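One structure below.
The values are calculated or read from the model by the stated rules, or taken from the named source; none is laboratory data. This one's a predicted model, so the numbers in the text were calculated from it and none came from an experiment. Please note: Cβ atoms are built from the backbone with ideal geometry, for glycine as well, and neighbour counts cover all protein chains shown. What goes into the accessible areas is simple: the full protein's heavy atoms, side chains included, and nothing from ligands, DNA or RNA. Shrake-Rupley method; radii C 1.70, N 1.55, O 1.52, S 1.80 Å.
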Amino acid sequence: MSGAANPVKPLEMTGNEDPDKLAEFEQRIADGVLIEPGDWMPQAYRMGMLGMAEHHANSEIIGALPEGEWITRAPSMRRKLALTAKVQDEVGHGQMLYRVSQELGKSRDDMLRDLVMGKTKYHNCFNYPAPTWGDIAMIQWLIDGAAIMNQKTLADGAYGPYVRTMNRINMEEAFHFKSGEDMVLTLMSGTRAQKQMTQDAFDRWWPVSLMFFGPADKPDAEQRPAMRWRMKVERNDSLRQRFINRFAPAAMDLGLVINIVTKDEQGLVTSTKPDEGLVLDETTGNWSFTEPDWDEFWRVIRGNGPCNAHRLSLRRFSYEQGGWVRRAIGAGSTSMPPAA
Amino acid sequence: MDAMLADPLAVLVLAHADDKLLLGHVQSDWTGLGPLLEEDIAASAMSQDDLSHALILYEFLGKRFDLDPDVIAFERAPEDYACCDLVTFPDEFDWATSLVKRWLVAVFTGLGLERLGTLDDADLSARCDRIMPEQRLQVAHLGNWIRRLGSAGGESTARMQAAVDRVAEVTGTLFEVPGHRLEEDETYCCGRDDLFTEWNGIVQATLAEAGLTGTFTLPERSTVGGRRGTHAGHFTEQLTEMTEVRRVSPGASW
Amino acid sequence: MSKIRERQFNHDGELPPGTPDTQHWVVYTRKKEGNPFKWAGSLNAPDLELAIQFAGEHYGLDEACIAVLVHHADDRTDGPCGLEPLEPGTADGDDGSDWTVLVLPRRGGNLQEAGTIKAPDAETAIARGTRAHANGKIVQVCVVPTDRTVVITGDHDTLIWRLHDMTYKFARGYSKDVRAKWTRIRDEETYEDYRKEDIHSHF
């Protein structure tokens with residue numbers, strides 16, 4: 001799952017880079033040449049990539065929590081296996097992405113500590129609750145669907161190690177998305193209770209999906225380092241439009257109603273009304289839509305969402321609880337030489 | 001369902017399948033919360049193996065008694081599950097307890113399935129053959145961790161010893177005779193005394209290498225516990241949780 | 001959800017002391033007989049034994065896999081990564097010990113095993129490896145002393161890929177059902193339009 005579409009700290013040039021090297025670096029990127037670790041790169045780029053991969057890794061590790069809550073309740077052997085494998089994939093993605101940042105100079109332990117102490121962020125969408133099995137279907141269909149769209153563009157970025165990792169991750173996201181699609185299709189072809197559960201979950205996750213890609217970029221985003229250096233290659237609004245064009249008609253065909261909702265502090269829906277702003281423009285092929293509640297977005301990202309405290313608290317419990325195992329194997333009493 | 005529960009071989013298979021299901025059920029809950037990312041991933045792979053093995057055995061029973069494997073897994077009455085109290089023993093997210101428990105069960109299941117595979121049933125033997133290499137992998141992986149963390153000294157050894165002590169009392173439940181609807185006979189005891197002796201030999205050797213100690217006893221043949229449907233309270237909680245979603249719309253497709 | 005996951009913990013104060021990262025290992029997998037090892041990822045482990053164990057249980061289970069190669073990250077020496085495909089150069093000779101040669105087909109691509117050469121040191125190994133493998137299609141040559149690599153083959157005793165049905169963890173395990181369910185709701189053409197957005201090559 002992706003974390004990179006959330007606002008990452010704006011990159012600022014440090015101002016004391018060698019102008020010739022910088023020009024050459026930027027020309028390479030403009031020419032579509034990928035950057036490999038041995039290449040010269042501006043310090044701001046190095047730090048920016050480190051932070052981006054770290055944020056993405058954090059999102060995978062925290063993203064494992066809401067779905068993890070449902071492994072013990074999955075309703076069939078196959079769903080139980082699939083959900084366990086899916087959450088396991090997120091952990092695997094986190095491990096691989098931390099590795100990218102480790103190579104850029106920050107230890108994994110420091111990253112895990114900064115995460116649980118709230119010094120670094122993760123993707124906002126994991127601060128919302130998953131109160132039913134329907135939420136699991138929606139997370140895998142909508143959020144993983146959005147993540148694939150976003151990560152396909154990230155795989156078109158410029159930093160070799162991140163691109164490589166993204167390609168591997170996308171392969172596994174394809175399973176997450178298909179399995180989510182299968183769950184949504186099954187539930188919407190099922191009993192009245194199953195359909196209601198699905199609509200309720202859709203009401204919770206549709207606005208979160210629209211916010212998934214982050215707020216609109218600045219008008220001059222293409223001139224700013226993040227896009228100039230191809231750390232990100234598509235504007236948030238453009239990704240959001242593609243997402244809606246694909247998922248709005250699919251949701252309607254499934255019999256789901258696309259609502260504008262209000263939520264309480266627990267992230268549960270308190271009122272719904274159909275989004276009348278949702279109209280297909282036949283000439284452009286684009287669906288118009290009502291903007292999600294961006295005030296809510298900022299409130300949640302600043303730490304005041306329904307589940308922020310709970311997610312970090314469980315993650316910290318896990319970090320502290322497992323400390324003795326890491327200390328035992330790190331102490332060297334069990335180690336062998338680095339190679340046979 | 002009744003025919004299956006009154007069949008001695010089926011009940012013996014169920015005992016292993018239910019052990020695998022509940023062990024996988026409890027352990028898969030750790031996914032994303034393990035002590036280090038790499039072992040979190042490995043342990044989750046092994047709980048998927050456990051769940052898959054349960055499914056392979058439920059499919060065998062499903063074929064034989066014309067039942068949906070998911071119905072066997074999710075829709076029996078609590079007293080018709082034949083898992084023992086060790087597999088459902090709550091680990092309270094203590095990694096040492098989880099590890100020791102899984103290892104003790106894995107060694108037992110390996111020996112049990114080996115014996116099950118020799119019974120005169122080609123389908124069952126083929127299924128056991130498919131499970132066994134994965135079972136050996138699990139025994140090796142877990143045994144390795146027992147040795148490492150047991151012999152690491154200090155805090156680690158203390159935690160591992162405490163975990164062995166914690167589960168020691170319920171470990172014998174592995175060897176209870178299954179099936180509350182059956183008359184007791186040697187068929188489904190499956191050489192209980194030999195099995196215990198062989199299991200204890202393997203377990204004690206590894207514990208010794210790990211610098212740990214544990215004493216386990218074979219329960220009386222007449223013991224009525226989890227395998228005969230009289231489960232500890234935590235089993236009922238785990239089963240209720242496992243079937244929560246399915247009970248929203250009984251009979252629906254999920 | 002389980003009780004622990006429900007619990008709201010009261011964490012006070014500082015975290016306990018941290019633990020330094022353990023050793024860095026690189027993992028490559030072979031998908032089928034005759035294929036080269038290809039880069040799969042990296043991991044942290046305190047020693048080779050655990051590195052092998054972790055490599056198999058993670059990267060060995062991502063895709064069908066018959067063998068896993070693991071080496072310590074410090075044991076690999078990377079040659080310069082070119083902007084254009086490498087020229088073979090003129091290095092020759094066959095003295096020294098065995099080096100496993102890994103080549104990068106393009107920037108952003110995945111390292112893959114190209115073969116073994118003899119050389120007295122890493123620098124010579126890279127030069128000789130380049131001579132042997134630069135065919136106008138690679139941008140970088142990396143080398144690892146062959147005796148510092150470990151290959152695990154999936155067989156009866158060291159299982160990697162599982163024997164049970166693993167389709168539950170792959171998109172292809174759902175594609176047919178999904179199509180059948182969609183085409184009860186949508187016509188084929190609308191479904192195809194929607195499916196276009198998927199990552200085709202991976203389904």
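Scanning the range A:132-155 for residues that are within 20 Å of C:GLY41 (Cβ to Cβ) and part of a loop (DSSP other than H, G, I, E, B) yields a single hit, A:ALA155. Of the residues B:SER52, B:SER47, the single one that is in contact with a Leu (Cβ under 7 Å, 6 or more places away or on another chain) and within 12 Å of chain A (Cβ to nearest Cβ) is B:SER52. The set of residues in the range C:54-78 that are under 13 Å from C:THR158 (Cβ atoms) and at the interface with another protein chain (Cβ under 7 Å from one of its Cβ atoms) contains only C:GLU57.
In the range A:154-170 there is no residue matching the filter, namely being open to solvent by less than 10 Å² (accessible area, probe 1.4 Å) and of a type in the set (D, E, K, R).
Among the residues of the range C:28-53, those identified as open to solvent by less than 20 Å² (accessible area, probe 1.4 Å), within 12 Å of chain B (Cβ to nearest Cβ) and farther than 25 Å from C:ASP165 by Cβ are C:SER42, C:LEU43, C:ASN44, C:ALA45, C:PRO46, C:ASP47, C:LEU50, C:ALA51.
A count restricted to the range A:178-197 and to residues that are open to solvent by 30 Å² or more (accessible area, probe 1.4 Å), within 14 Å of chain C (Cβ to nearest Cβ) and part of a helix (DSSP H, G or I) stands at 1.
Examine the range A:261-272 for a residue that is assigned to a helix (DSSP H, G or I), exposed (fewer than 14 other Cβ atoms within 10 Å of the Cβ) and charged (D, E, K, R), and state whether such a residue exists.
Here is the first cut: in the range A:261-272, the ones assigned to a helix (DSSP H, G or I) are none.
No, there is no match, as no residue in the range A:261-272 is assigned to a helix (DSSP H, G or I), exposed (fewer than 14 other Cβ atoms within 10 Å of the Cβ) and charged (D, E, K, R).
The single condition among (1) touching a Cys at 6+ places or on another chain (Cβ under 8 Å); (2) closer than 30 Å to A:MET111 by Cα; (3) among the aliphatic types (A, V, I, L, M) that B:ALA42 does not satisfy is (1). Residues in the range B:146-158 that are of a type in the set (D, E, K, R) and buried (at least 21 other Cβ atoms within 10 Å of the Cβ): B:ARG148 only. Only one of the listed residues (C:ASP94, C:ASP147, C:ASP121) is more than 18 Å from the chain's Cα centre (by Cα) and within 19 Å of C:ALA67 (Cα to Cα). That residue is C:ASP147. Being modelled with pLDDT of 95 or more and over 21 Å from the mean Cα position of the chain (by Cα) holds for only one residue in C:TYR168, C:TYR194, and it is C:TYR168. Applying a threshold of 6 Å to beta carbon distances and a minimum spacing of six or more residues, or different chains, the list of pairs starting in the range B:88-99 at a residue that is more than 10 Å from chain C (Cβ to nearest Cβ) and ending at one that is acidic (Asp, Glu) reads B:THR97/B:ASP91; B:SER98/B:ASP91. Scanning the range A:111-131 for residues that are open to solvent by less than 10 Å² (accessible area, probe 1.4 Å) and either at pLDDT below 95 or closer than 21 Å to C:HIS24 by Cα (or both) yields one hit, A:MET111.
Could you tell me whether C:ILE152 is open to solvent by less than 30 Å² (accessible area, probe 1.4 Å), within 23 Å of the chain's Cα centre (by Cα) and among the aliphatic types (A, V, I, L, M)? Even if it seems obvious, please write down each step before you answer.
On the way: open to solvent by less than 30 Å² (accessible area, probe 1.4 Å): no; within 23 Å of the chain's Cα centre (by Cα): yes; among the aliphatic types (A, V, I, L, M): yes.
Answer is no for this residue.
Within the range A:198-220, the set of residues being charged (D, E, K, R), assigned to a loop (DSSP other than H, G, I, E, B) and either open to solvent by less than 10 Å² (accessible area, probe 1.4 Å) or touching a residue at least 40 places away in the same chain (Cβ under 8 Å) (or both) is empty. Looking across the range C:171-191 at every residue that is over 20 Å from A:ARG78 (Cα atoms) and polar (S, T, N, Q), the one that is modelled with the lowest pLDDT is identified as C:THR190. Taken together, the residues in the range C:124-144 that are open to solvent by 50 Å² or more (accessible area, probe 1.4 Å) and either among the basic types (Lys, Arg) or within 21 Å of the chain's Cα centre (by Cα) (or both) amount to 2.
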